[in-house]
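For reference, the structure discussed in these notes is given below.
The values are calculated or read from the model by the stated rules, or taken from the named source; none is laboratory data. Remember, predicted model here, so these are calculated numbers, not experimental data. Neighbour counts are summed over all protein chains in view; Cβ atoms, including those assigned to glycine, are modelled from backbone coordinates with ideal geometry. Protein only, heavy atoms only, side chains kept; ligands, DNA and RNA dropped before computing areas. Shrake-Rupley method; radii C 1.70, N 1.55, O 1.52, S 1.80 Å.
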Protein chains: 2
Amino acid sequence: MAGELTILKLGGSVLTKKDRPLTVNLAAMRRLAREIKNAGTRSLLIIHGGGSFGHPLAKRYRIMEGLKDESQIIGFSRVHRAMMELNAAVVDALLEEGLPALPVSPSSFASTEGGELRSLETDLLTKYLRMGLLPVLYGDVVLDSKKGFSILSGDQLVSKLAIELRSRLIVIGVDVDGLFSSDPKEDAGAKLFRRISLKNLDRVKLKPSKNIDVTGGMPFKVKELSKVVEKGRQVLLVNALTPRRIYKALLGEEVIGTVIDP
Amino acid sequence: MAGELTILKLGGSVLTKKDRPLTVNLAAMRRLAREIKNAGTRSLLIIHGGGSFGHPLAKRYRIMEGLKDESQIIGFSRVHRAMMELNAAVVDALLEEGLPALPVSPSSFASTEGGELRSLETDLLTKYLRMGLLPVLYGDVVLDSKKGFSILSGDQLVSKLAIELRSRLIVIGVDVDGLFSSDPKEDAGAKLFRRISLKNLDRVKLKPSKNIDVTGGMPFKVKELSKVVEKGRQVLLVNALTPRRIYKALLGEEVIGTVIDP
């Protein structure tokens with residue numbers, strides 16, 4: 001398994017219409033399924049975010065704060081149910097391309113400790129991958145040994161699984177071209193970093209998301225992904241809303257984006 | 001937890017239209033959700049079967065035979081996807097009644113050995129129950145250490161979890177009134193056993209299902225449930241298609257059905 005696995009993260013901002021609750025970006029989802037099919041990656045694991053399915057509900061029920069009162073319990077169910085719905089749409093798009101996508105629910109086997117993912121049972125995932133299945137995980141609500149429950153973000157899963165399963169390639173599909181020297185929407189001179197090392201990450205202009213993002217948006221994404229870069233792996237951020245970038249990234253071809261280097 | 005938990009199995013023949021592929025029996029599902037809500041059972045775990053969602057697809061891809069050729073792999077995905085769909089409908093009916101239903105996917109944490117469920121990680125389930133959540137499990141495709149993959153039936157989950165979690169009450173909702181001395185559809189003199197002991201089970205007329213049932217129908221159901229009766233527990237079979245029987249069974253009231261005794 002070592003050195004074979006590719007991990008592909010698909011951001012919720014790519015798969016959903018962020019400004020419309022519980023709305024799938026079906027066109028992007030289908031195009032991405034085709035790109036993944038065409039890339040023909042041998043051993044692939046997909047992790048997706050929550051977008052407008054997970055975040056608004058998680059915020060409403062204050063899941064990140066942990067269990068404080070009984071009224072939040074139904075919220076735990078509702079957030080998971082919404083994530084299942086998004087996951088089903090992703091899996092259906094992949095199945096339509098003939099890819100043997102298999103949903104794996106984090107809340108069915110994982111839990112956190114003060115929001116941190118200490119350990120993760122990866123035995124089943126490894127076996128699914130060996131069998132040729134394409135596991136599809138997602139950011140989910142999980143039990144937390146300190147605060148009752150929490151959210152386990154897709155990015156936390158990426159960094160943990162990339163380390164535990166010793167992935168060959170980590171591709172993070174987001175809704176921007178990569179990391180910039182300043183906000184490209186405000187500064188015409190903003191420069192895309194094509195390659196940046198861990199120690200230079202503070203040069204990047206990281207703005208919190210304008211949309212509801214209970215997992216902290218780009219700053220927390222980069223912080224979380226740094227954990228796997230610290231272990232000596234490269235992480236590639238690409239714009240998954242632009243056609244063929246995920247395809248090229250999966251094939252290891254030259255592509256516009258940002259490589260975060262150790 | 002010991003002695004508190006109630007396990008409720010809802011058969012696929014109750015939740016789906018068995019003769020129509022991928023069709024939910026929505027009226028039964030909603031009524032059952034209301035009965036479960038009204039019973040107000042404190043610590044409850046639900047397990048459901050596959051009906052017309054799981055069985056026809058599982059048969060088509062010969063999942064029970066194990067992995068024999070590559071063409072079955074997509075079948076593993078498709079059976080799980082269909083079961084997720086049925087599970088989502090059950091969970092939605094429960095959520096509409098304000099019950100904090102939480103889907104727990106067997107394929108995300110369990111596997112079998114030659115079709116048998118040797119061990120099962122119950123730690124998360126116990127914690128979900130303690131938090132007041134209502135876990136909803138289901139018959140699912142799972143990896144198998146001997147034959148590649150297999151089906152883990154809802155009844156296998158019932159007997160394993162009833163033993164491991166030391167349940168107080170085990171209610172099995174089926175589409176008949178219980179166990180009979182002969183087939184009630186063919187013999188007007190067929191007698192419903194209101195109570196039967198393990199050693200007298202051979203007096204029961206058990207006919208295989210007329211519908212596709214990859215897990216073997218009533219004979220295998222009874223055989224599987226016998227495992228928990230052997231451990232000293234009673235199992236109550238009731239007709240979940242008849243209103244108020246599940247409600248009464250959950251409350252421990254007198255109800256038409258069959259009690260299987262040690």
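So here's what we get for this one:
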quantity: Lone unmet requirement of (1) part of a helix (DSSP H, G or I); (2) open to solvent by less than 40 Å² (accessible area, probe 1.4 Å); (3) out of contact with any strand residue (DSSP E or B) (no Cβ under 7 Å at 6 or more places or on another chain) for B:V158; calculated: (3)
quantity: Selected residue [touching a helix residue (DSSP H, G or I) at 6+ places or on another chain (Cβ under 6 Å), at the interface with chain B (Cβ under 9 Å from one of its Cβ atoms) and closer than 22 Å to A:T23 by Cβ] from A:A101, A:A82, A:A93; calculated: A:A101
quantity: Of the criteria (1) open to solvent by 10 Å² or more (accessible area, probe 1.4 Å); (2) under 20 Å from A:M218 (Cβ atoms); (3) of a type outside the set (S, T, Y), which one A:A28 fails; calculated: (1)
quantity: Residue within region A:109-121 that is open to solvent by 10 Å² or more (accessible area, probe 1.4 Å), at pLDDT 95 or above and at the interface with another protein chain (Cβ under 9 Å from one of its Cβ atoms) present; calculated: yes
quantity: Tally of residues being surrounded by fewer than 17 Cβ atoms within 10 Å (Cβ to Cβ) and farther than 13 Å from A:S150 by Cβ across region A:53-73; calculated: 5
quantity: Given (1) open to solvent by 40 Å² or more (accessible area, probe 1.4 Å); (2) more than 23 Å from A:E85 (Cβ to Cβ), number of the condition A:S197 does not satisfy; calculated: (1)
quantity: Helices (runs of 4 or more DSSP H) wholly inside region B:1-84 that include at least 2 residues being modelled with pLDDT under 95; calculated: B:51-60
quantity: Sole exception among (1) buried (at least 20 other Cβ atoms within 10 Å of the Cβ); (2) under 28 Å from B:M29 (Cβ atoms); (3) not hydroxyl-bearing (S, T, Y) for B:D144, by number; calculated: (2)
quantity: A:G40 vs. criteria at positive phi, without any contact (Cβ under 8 Å) to a residue 12 or more places away in the chain and not hydroxyl-bearing (S, T, Y); calculated: yes
quantity: Answer from A:L129, A:L102, A:L125 - the residue that is surrounded by 20 or more Cβ atoms within 10 Å (Cβ to Cβ) and not in a helix (DSSP H, G or I); calculated: A:L102
quantity: Matching residues in region B:105-122 - criterion: being in contact (Cβ under 8 Å) with a residue 24 or more places away in the chain, out of contact with any His (no Cβ under 6 Å at 6 or more places or on another chain) and part of a helix (DSSP H, G or I); calculated: B:P106
quantity: Within region B:205-246, tally of residues that are open to solvent by 70 Å² or more (accessible area, probe 1.4 Å) and free of Cβ contacts under 8 Å to residues at least 24 places away in the same chain; calculated: 3
quantity: Top-ranked residue of region A:246-262 - restricted to ones that are closer than 12 Å to A:G173 by Cβ and not in a helix (DSSP H, G or I), ranked as nearest to the chain's Cα centre (by Cα); calculated: A:G257
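Rundown of residues vs (1) within 14 Å of the chain's Cα centre (by Cα); (2) assigned to a loop (DSSP other than H, G, I, E, B), yes/no style:
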| site | (1), (2) |
| --- | --- |
| B:E186 | no, yes |
| B:L206 | no, yes |
| B:K221 | yes, no |
| B:K227 | no, no |
